[in-house]
Amino acid sequence: MSTQSVTVTGMTCGHCATSVREEVGGLPGVRTVEVDLATGLVTIDSDGLLDPAAINDAVAEAGYAVAG
């Protein structure tokens, strides 16, 4: 089991958080995705380390960006 965190910019509401949670949650091996809307922190628990590019792509698919 592995835990990774990224900060996502541009989320302003519960729908934003749900979109990010669904897209990131669709990555292979992801077990849970927690989104802190106030800080933009997205915590991902998965079977193994995820490729950061895959996380960035999933966040982009939801319409947001991972903070550099």
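Here are the numbers for this structure:
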read-out	value
Complete set of residues in segment 21-68 that are open to solvent by less than 40 Å² (accessible area, probe 1.4 Å) and either more than 12 Å from THR3 (Cα to Cα) or at pLDDT below 95 (or both)	VAL24, GLY25, LEU27, VAL35, GLY40, ALA54, ILE55, ALA58, VAL59, ALA62
Some residue of segment 9-17 being of a type in the set (Val, Ile, Thr) and surrounded by 16 or more Cβ atoms within 10 Å (Cβ to Cβ)	no
Count of segment 8-51 residues which are in contact (Cβ under 8 Å) with a residue 24 or more places away in the chain and assigned to a helix (DSSP H, G or I)	6
Residue in segment 52-68 that is farthest from GLY29 (Cα to Cα), counting only those that are among the hydrophobic types (A, V, I, L, M, F, W, C) and touching a residue at least 24 places away in the same chain (Cβ under 8 Å)	ALA67
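The values are calculated or read from the model by the stated rules, or taken from the named source; none is laboratory data. Quick caveat: nothing in here was measured; it's all calculated off a predicted structure. FYI the Cβ positions are ideal-geometry reconstructions off the backbone, even for glycines, and counts take in every protein chain you see. Quick note on the areas: whole protein, heavy atoms, side chains included, nothing else; ligands and nucleic acids left out. Shrake-Rupley method; radii C 1.70, N 1.55, O 1.52, S 1.80 Å.
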